[in-house]
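Presented below is the structure to which this report refers.
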Amino acid sequence: MTAKDQFVPLNLCVLAVSDSRALENDTSGQFLVDALTGAGHRLHERKLLRDDRYAIRAQVAAWIADPAVHCVLITGGTGFTGRDSTPEAVLPLLDKEMPGFGELFRAISFEEIGTSSLQSRAFAGLSNQTFVFALPGSTSACRTAWEKLLRAQLDARTRPCNLAGLIPRLNER
C-alpha cells in the first residue's frame, strides 16, 4: 500500500451562521460534525455565530491563521436576505477562489430543488493554506455538499485527484 492509498485525517472547523438557532438545535452544523468525524476527520472546533459579517470574518480569520486547521466549513448566511452576509464576510479573506465548487454545488442542487438553487451564494476558496467552504444553512444542502462534493475531495484516496492531496504543496513558492 502506498501513501496515496491511505486515508489522511484532516482537522476541520465548523461554523454555523444563524440568527434563529443555537448549538442545541443546529441540525446543519451537527450534520457536518457527524459527517466529517464519521469519515475519519477530526473536529478542531465548532462555533455558532449570529449573522454579523465582522464576527464571522474574525472567527474565520482566527481559524485560517491556525496552522493546525486544514479546512473550515461554514453553513448559513449565503442567501439574499438583508442579514445574509457570509460571502461579504469571508470572500475578502480568500487568497484564491474555487469557482468550480459553487458552480457544481448549484448544478447538483438544481437536480434536487430546481430553480431555487439560484438563491444559493455557496462558494469556496483557499486562504493561508486552509480550504474554506461556505454552504447554505439547510441541512439538506449541507448533506448534498458533503455527500456529492466534499467527502471525496477531502479524502486523499480519491482519484484522479483531490484537495487533501494538495495540502502538503499549498505553501510552495
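None of the figures in this text is laboratory data; all of them are computed from the coordinates on show. Note that the structure is predicted; figures quoted are calculated from it, not measured. Here Cβ is always computed from backbone atoms with ideal geometry, including for glycine, and neighbour counts include all displayed protein chains.
Test PHE31 against the criterion of being aromatic (Phe, Trp, Tyr) and out of contact with any Lys or Arg (no Cβ under 7 Å at 6 or more places or on another chain), and give yes or no.
Judged against the criteria, PHE31 is not a match.
Going residue by residue through the range 147-161, is there one that turns out to be assigned to a loop (DSSP other than H, G, I, E, B), of a type in the set (Ser, Thr, Tyr) and farther than 21 Å from THR27 by Cα?
Yes, there is a match, as at least one residue in the range 147-161 is assigned to a loop (DSSP other than H, G, I, E, B), of a type in the set (Ser, Thr, Tyr) and farther than 21 Å from THR27 by Cα.
Please name all residue pairs, on different chains or six or more residues apart, with Cβ atoms under 7 Å, provided the first residue is in the range 119-141 and is without any contact (Cβ under 8 Å) to a residue 60 or more places away in the chain and in a strand (DSSP E or B) and the second residue is surrounded by fewer than 22 Cβ atoms within 10 Å (Cβ to Cβ) and of a type in the set (Gly, Ala, Ser).
The qualifying pairs are PHE123/GLY102; ALA124/GLY102.
Given ALA164, ALA107, which one is surrounded by 16 or more Cβ atoms within 10 Å (Cβ to Cβ) and within 22 Å of PHE31 (Cα to Cα)?
ALA164
Take the residues in the range 17-54 that are under 21 Å from ASP84 (Cα atoms) and without any contact (Cβ under 8 Å) to a residue 12 or more places away in the chain, then tell me which one is surrounded by the most Cβ atoms within 10 Å (Cβ to Cβ).
By that ranking, first place goes to GLN30.
What's the number of the condition HIS70 fails, among (1) surrounded by fewer than 22 Cβ atoms within 10 Å (Cβ to Cβ); (2) under 24 Å from LYS148 (Cα atoms)?
(1)
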